[in-house]
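The values are calculated or read from the model by the stated rules, or taken from the named source; none is laboratory data. What you see is a predicted model; the values in this text were computed from it and never measured. Protein only, heavy atoms only, side chains kept; ligands, DNA and RNA dropped before computing areas. Shrake-Rupley method; radii C 1.70, N 1.55, O 1.52, S 1.80 Å.
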Amino acid sequence: VQLQASGGGLVQAGGSLRLSCAASTRTFKYFAMSWFRQAPGPEREFVATINWSGGRTAYADSVKGRFTISRDNAKNTTYLQMNSLKSGDTAVYYCAAKETFGLGSASSDYDYWGHGTQVTSPA
């Protein structure tokens, strides 16, 4: 499975961006999808996750109420709508996939990763 993330960029604080993650698999509907982010440093932080049907989602407290994860199984694509961006959201954002009907917020659980897309929101 190959994942291609896109949609990052430079946006002023308070602005919005929508990230996309396209998956190259015919069995996309069997995968839970998540977004993680990594600012300079060793830790990759969980952002949001969505189950195979889109009926269940979960978010990190730091983005709850501002970010929305969604998916379109017909297009093999997952999205992350980011509103009210803050300087603390600046990071490289990665999408990840695992073949499960559940959810997961631990990066170690994920089998497939995209290359990442940079999001910068200056203070």
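Annotations for the structure displayed:
- Taking N as the residue count of the chain, its C-alpha radius of gyration divided by 2.2 N^0.38 Å amounts to 0.97.
- Estimated translational diffusion coefficient (Stokes-Einstein, Kirkwood radius over Cα pairs, 20 °C, 1.002 mPa s) of segment 49-117: 164 µm² per second.
- Mean-position separation - Cα centroids, segment 47-80 and segment 10-41, in angstrom: 9 Å
- Our summary gives segment 18-87 a relative contact order of 35 percent, counting only alpha carbon pairs under 8 angstrom and 6 or more residues apart.
- Protein heavy-atom accessible surface, 1.4 Å probe, per residue over segment 1-53: 51 Å².
- Counting only Cα atoms, segment 72-112 measures 33, 27, 16 Å along its principal axes, largest extent leading.
- Whole-number percent relative contact order across the chain, with pairs defined as alpha carbons under 8 Å at least 6 apart: 37 percent
- In segment 1-73, the portion of solvent-accessible area held by carbon and sulfur atoms comes to 47 percent [1.4 Å probe, whole percent, DNA, RNA and ligands not counted].
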